[in-house]
Amino acid sequence: MFFWMVLVVVVLMLVAAVAVLVLDNMIAAVAAASVVSLALSVLFVLLRAPDVAMTEAAVGAGLSGLILALGMRRLGLWRLDNPSARQGDRDA
Amino acid sequence: MGAQIELVLYVGALGLLAVGAAGLVMSANLFRMILALVIAEAGANLLLVLAGYRWDAVAPILAGQPADVPMVDPVPQAMVLTAIVIGVGVQALALAMAVRIYRAYGTLDFSEVRRRMEADIAAETGIELPGSRDEPAGARPLPPPGANPMLTPEEGR
Amino acid sequence: MRNLASLVFAAGLGFFLTVLLLQFGFGEPPMIVGQAIQDGAAETVGAANFVTSVVLAYRGIDTLGELSILFAAAAAAGLALGSRRPAPAAGEDAGFILRAGSDLLFPLLLVVGLYIILHGHLTPGGGFQGGVILAAAFFIPVLARPSRGLRHSTLSLVEGFAGAGFIVIGLMALLWDGQFLQPLLGTGTLGSLVSAGTLPMLYLAVGLKVGAELAGLLVHLMAREEGEA
C-alpha cells in the first residue's frame, strides 16, 4: 500500500518536472512547477516529515508560485492567448 | 518490497536533480532557467530528507506514544527546513535580476542578451571581442589545401 | 549538439549518483546524533517537537545564518528591482470577488499564521511556515486594492525589531549561561503552550521577521515601473 502511494506520487512529480521544461506557455510551466512542489510535500508526509511537508507546501506551492507569477507579469510573459508567439521578446 | 521503495524514491530525487540540471543548461529562455533551478532545489531537498528515513518509524514529535518507538532522524529535517527557505530567497533574487535584464535589453533569450551585451561593451569601449561562444579562441584560419600540417610552412614548401 | 551532450551528461550523472547512493543503507541511518537527541531533548529542552528543538536549541546559530541569508536575498532583490513607484490610482482595484474574498481571508490567515508560529514547539509548524502565511495574509489585501499599498516603514520597523529581538535573546543567554542562544527560562511541562523556555519567543521573532520581509518583497515585485507593459 505504501509502495503504491509512493510510486504514484513520484511518477506525478517526475511528469510535472519534465512538463516544466517542455511546455510552451509560461503560465502552464509555472503551474507545473507548483504541482512538483505539491507532490513533493505529499511525499514528505509519506516519509514521516510533517514539518518539512508544511514548509514545502507553504513555500514551494504557495509563495514560490506567487513570486514567479508576479515576476512573469513584469517580464511580459503573462499571456493567455497566442501561446505560439515568441515569449519574452519585447522588440519582436 | 523495501528495495523497490528505495529504488523508486532514489529515482524520483535524482530524476528531479537531473531534470533540473539539464533544464538549466539546455534552456534558451532566462525564465525557464529559473524554473529549472526551482526543480533542482526540490530534488536536492528530497535527497536530504531521504537520508534520514527509517523503516517503520514515526514522525519526530512526542505525541504520547511510548518512549521506545523508533523515530526518523530529525537532523536532516531541520537542515531541509533551512534549505527550503533559502531556496525561495534565491529564486526571488534570480527573478529580480531577470527583471533588470529584461528592462535593460528587452529580451529574455539568453544568446540574444549576450550578443547585445557584447555589442554594448564593444560600442562603449571600442574593444572588439575576437571570439564568440562557438569559437572561444577566435577564428583560426585553416591551412591551405595540400599542405602537410606536420611541417612548418617553410619546410613544406 | 549541445542539447544532446547535456542530456547525456544529466542521464549519466543520475545513473552515477544512483549507483553511489544504493551502496548506503537506505532506511537504516546511523542515527548517532539523532538517537542522542531523541533520548535527551525532552528533559533538556522541553519541546515536544524534536525538529524545533534541533532548529532553535541544538543548531540555533544555523537559524541565525538562515535569517541573515534571507535578509540579504530580500535586500538584494529590492535593490535590483529599483526604487519603488508610488501606489497606482484607485481605478485599478480588483473585482468584487477578490475584494470580498480578501476581506474575509485576512483575519483567518492572520489567526492561522499566529497559531502555527506559537505552537511550533508542540506540533509541526514554527516560525518559517507561520511567517510565510503571515506574508500571504498581508499581501492579499494589496492584491485586491493596489491603491492602498503597504506602509513600508512599518514593515521595515517590524522586521528590524524582530531580527534584533532574536539576537538580543541570544545575547541574554550568553550573559546568563555563557553560551549564545542557549535556551533559558527552564523547560516547563512537556506539551503545554508555555513550555520550552525561550523557544516560542525565538520562533515568534523568526516568524514576524520572515513575514514582514516576504510581504515587502512581494509588494515591491508587484509594482510596475513606467514604460513596462
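For the stretch C:48-58, the count of residues that are touching a Ser or Thr at 6+ places or on another chain (Cβ under 7 Å), at the interface with another protein chain (Cβ under 8 Å from one of its Cβ atoms) and of a type in the set (A, V, I, L, M) is at least one.
What number of residues within the stretch A:19-51 are of a type in the set (S, T, N, Q), under 19 Å from B:GLY12 (Cβ atoms) and more than 9 Å from every other protein chain (Cβ to nearest Cβ)? Going through the stretch A:19-51 one residue at a time, the tally reaches 2. Could you check, for the stretch C:35-46, whether at least one of its residues is buried (at least 22 other Cβ atoms within 10 Å of the Cβ), closer than 20 Å to B:TYR53 by Cα and either more than 9 Å from every other protein chain (Cβ to nearest Cβ) or in contact with a helix residue (DSSP H, G or I) (Cβ under 9 Å, 6 or more places away or on another chain) (or both)? Checked against the condition, which is being buried (at least 22 other Cβ atoms within 10 Å of the Cβ), closer than 20 Å to B:TYR53 by Cα and either more than 9 Å from every other protein chain (Cβ to nearest Cβ) or in contact with a helix residue (DSSP H, G or I) (Cβ under 9 Å, 6 or more places away or on another chain) (or both), the stretch C:35-46 yields at least one hit. When residues in the stretch C:172-229 are screened for being modelled with pLDDT of 85 or more, of a type outside the set (A, V, I, L, M) and more than 13 Å from C:LEU118 (Cα to Cα), 5 of them pass.
Please work out which residue is surrounded by the most Cβ atoms within 10 Å (Cβ to Cβ), limiting yourself to the stretch B:33-45 and to residues that are within 7 Å of another protein chain (Cβ to nearest Cβ) and in contact with a Leu (Cβ under 7 Å, 6 or more places away or on another chain). If we take residues in the stretch B:33-45 being within 7 Å of another protein chain (Cβ to nearest Cβ) and in contact with a Leu (Cβ under 7 Å, 6 or more places away or on another chain), then B:ILE39 is surrounded by the most Cβ atoms within 10 Å (Cβ to Cβ).
Residues are listed down the side, and each one gets a yes or a no for (1) within 7 Å of chain C (Cβ to nearest Cβ); (2) crowded, with 22+ Cβ neighbours inside 10 Å:
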site: B:ALA13; (1), (2): no, yes
site: B:GLY20; (1), (2): no, yes
site: B:GLY23; (1), (2): no, yes
site: B:GLY52; (1), (2): yes, yes
site: B:LEU62; (1), (2): yes, no
site: B:ALA67; (1), (2): no, no
site: B:ASP73; (1), (2): yes, yes
site: B:MET79; (1), (2): no, no
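The values are calculated or read from the model by the stated rules, or taken from the named source; none is laboratory data. Worth saying up front: this structure is predicted, and the values here are computed from it rather than measured. Don't worry about glycine lacking a Cβ; one is built from the backbone with ideal geometry, like all the others, and counts go over all protein chains shown.
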